[in-house]
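Each remark here refers to the structure printed beneath this line.
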Amino acid sequence: MITESFVQQLTTDLTNTLQTHWLGRTIRWHDNIGSTNEDALAWAQEGAPDGALVLSEYQTHGRGRQGRAWESTASKNILFSLIVRPQLPHGALGLVTVATSLALAETIDRAIAPLKTKIKWPNDILIEEKKCCGMLLETAYPPDQSARPPFVVLGVGLNVNQAHFSPDISHKTTSLLLETGRRMDRIELLAGLLGRLERRYDRLAEVDAPRYIEQYEERLAYLDERITLRLGSSGQTISGMLRGISEGGALRLETAEGMAILHAGEVTTSGVDPKRNGAAL
Ligand code: BTN
């Protein structure tokens, strides 16, 4: 049972450890909630400040990408939703995903050294081909649309100290504990991550965007390999060589018909003939 005083202590510990200026300076930490993303979306609409943070020790309806559920044992992992209002040109919101993925990968790399993460487009973080972290970005518009930019809710689930996962996902899911054998301090990890996120967002001006794309591609899983992209729930797929990401963070896939720029989908390597990896299309 997660007590109110335990959650209060976590909030105090995080506030005292954080070295950010604006990010994570207003916090709601729940013991149990449906979904932190849902709570953050509602809070944003009620006027939450930029950088407000919703955390929870447990979620009864944790949301994943493409309508999937997000599973996480109580008080073992990091579950949060961050509210930001980036001043970016229309169509550049993909850069927020890029910046967030980089901050996540850097934070996890420090914790798991000498192991290293890879980013699976658009925003899964992998260790040795297994997913340890996922992100769900949702946008919404405030009622006075003309006056303010849309707010973005960035939901992050990072598996830290969970030792077991249900059989249907255990072959493709992992945690920092499972990969390193070390139990980690969640507050320390979180404070490091929020600091990196703030620095990345502060420099998200166009001048840094090309550098972010380069850094992302350096960490991109299956780069220059043949992959299949599943497009939504329709079952439609498109295959080709993964060549990187566009300046807005979309996937660049070299297909038999030419270069395709794809904004959503699920990268898979199943159904791909391994003998053709790296070979002609
Ligand atoms: C994915 O499918 O990879 C995205 C998973 C995102 C899960 C996090 S957990 C905290 C936040 N609240 C949610 O309901 N989902 C995100």
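Descriptive notes on the structure:
- Matching entry among Ala111, Ala103, Ala99 (being within 17 Å of Ala191 (Cβ to Cβ) and either touching a Lys or Arg at 6+ places or on another chain (Cβ under 6 Å) or free of Cβ contacts under 8 Å to residues at least 12 places away in the same chain (or both)): Ala103
- Restricting region 39-84 to residues that are without any contact (Cβ under 8 Å) to a residue 12 or more places away in the chain and more than 26 Å from Pro142 (Cα to Cα), the residue that is nearest to the ligand (Cβ to nearest atom) is Arg68.
- Test for Lys120: is it surrounded by 17 or more Cβ atoms within 10 Å (Cβ to Cβ), modelled with pLDDT of 95 or more, within 14 Å of the ligand (Cβ to nearest atom) and basic (Lys, Arg): yes
The values are calculated or read from the model by the stated rules, or taken from the named source; none is laboratory data. Keep in mind it's a predicted model, so treat the numbers as computed, not measured. In this analysis, Cβ positions are derived from the backbone assuming ideal geometry, glycine residues included, and neighbour counts consider all displayed protein chains.
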